[in-house]
Amino acid sequence: MKFIILTSSFIIPLMIFFIVVHGMLNKTKIYDAFADGAKDGIKTVAGIAPTLIGLMVAVEILRASGFLDFLGGKLSIVMGWIGFPSQLVPLTLVKMFSSSAATGLLLDVFKQYGTDSYTGLIASIMMSCTETIFYTMSVYFMAARVSKTRWTLAGALFSTLAGTAASVILAGMMR
Amino acid sequence: MLNYLWGLMIVIGIIYGALTGNMQAVGDGALASAKEAVSLCITMAGVMALWTGMMEIASRSGLIAQCTRMISPVMRWLFPNVPADHEAMGHMTANVIANVLGLGWAATPAGLKAMESLKKLEDERQRGNNESRRGIASNEMCTFLVLNISSLQLIPVNMIAYRSQYGSVAPTAIVGPAIAATAVSTLAAVLFCKVMERMFDMDRAKKSGLKN
């Protein structure tokens, strides 16, 4: 475990080092290239800022109203029938909208049930194999100025469902 | 789609908030999150500029071309209709590599650039086409996004850190299962996209057949 955490602290500096040295060896005008690229990056962020503000406000309205908790409560009754721990339904739901809110809920699960309990294990695996659907979709599609997203949402939900089911089964095998 | 979804989130939130007496929290939350979004953008602008600057160096020094060649069999299979030398391929490759390594800070900028260049590619294809397909996602955009949402990260470093912080006896015990679960979700994503692409192509072939 120490090794993994050590490697992850090395990876960013090493990558920057590698890119810069590779550029120097190939006699690229690295500082000019950096400035040009950075300018482009700032433009992209400025382009998605309005979408991001809109999205985060909408997610917060939904969350603060208590609706997500309500939906989670209702869904957990249904989910209980198929053997999915009902206490993880809010986490699964919130993870689709906001990564930071999901992290908060995940830590609550850890505090309440323990990291190595069945519930804690499912939560750990599930959070590692899914991404925030609505955040990713709106930010990425905004960058391409796309409004008709066709089958993206269906595919995202399908893949999240598959990952979640796999998490429950795998956690069951770890017990 | 996103328009309806966004509207629905706000309408449901406000109506539900009114019914449950959470209006104060909803109002405060709306203002606070708008502020938070701007500070997130400012943070992101710095990270984004650093990364796109680095990527520009890597692109001019030929490093990206080398990496693209390395995983090009996979990328070509996933995106058969993107020309190998198109800039979209480079950005998508960078995004996939960053995702697999768990470099979220690098994956998003590369992903956004990839979407911009996929848009350019789609515009080139639609040029001279009378039927307006503006604002409609291309097959590649859908597949690329679903792939991103399916999570590609190999080692869940954040999760290991959270687990050890909350007193787990074996924080890394979930690494193997997490890799397996990620493989399942990614496989499901790829299968889904391949089927949908096939169906869309058949549909289009049928339509153009009718026209003739």
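Coordinate-derived values only; no laboratory data. All values reported here derive from a predicted model rather than from experimental measurement. Because the Cβ atoms are built from the backbone with ideal geometry, glycine has one as well, and the counts that use them run over all protein chains shown.
List of remarks:
- Take the Cα of B:Ala18, go 7 Å toward its beta carbon, and none of the backbone nitrogen atoms of the range A:67-108 fall under 12 Å from that spot.
- Spatial separation of Cα centroids for the range A:78-94 and the range A:16-76, in angstrom: 30 Å
- For residues of A:66-79, the mean tally of beta carbons on other chains within 10 Å: 2
- Flagged links, alpha-carbon separation over 28 Å, of A:Lys27/B:Lys113; A:Lys148/B:Lys206; A:Lys111/B:Lys35: A:Lys111/B:Lys35
- Look at the alpha carbon pairs under 8 Å that are at least 6 residues apart: their mean separation over the length of chain A gives a relative contact order of 18 percent.
- The Cα center of the range B:21-76 and the Cα center of the range A:98-162 differ in position by 17 Å.
- Counting Cβ atoms of other protein chains within 10 Å of each residue's Cβ and taking the mean over peptide B:26-32 gives 5.
- Local net charge near B:Val82, Cβ-Cβ under 12 Å (Lys/Arg +1, Asp/Glu -1): -2
- Estimated inter-spin distance, A:Ile169 and B:Thr43, nm [label 7 Å along Cα→Cβ]: 3.7 nm
- Computed label-point distance, nm, for sites B:Arg69 and B:Leu187 using a 7 Å Cα→Cβ extension: 3.2 nm
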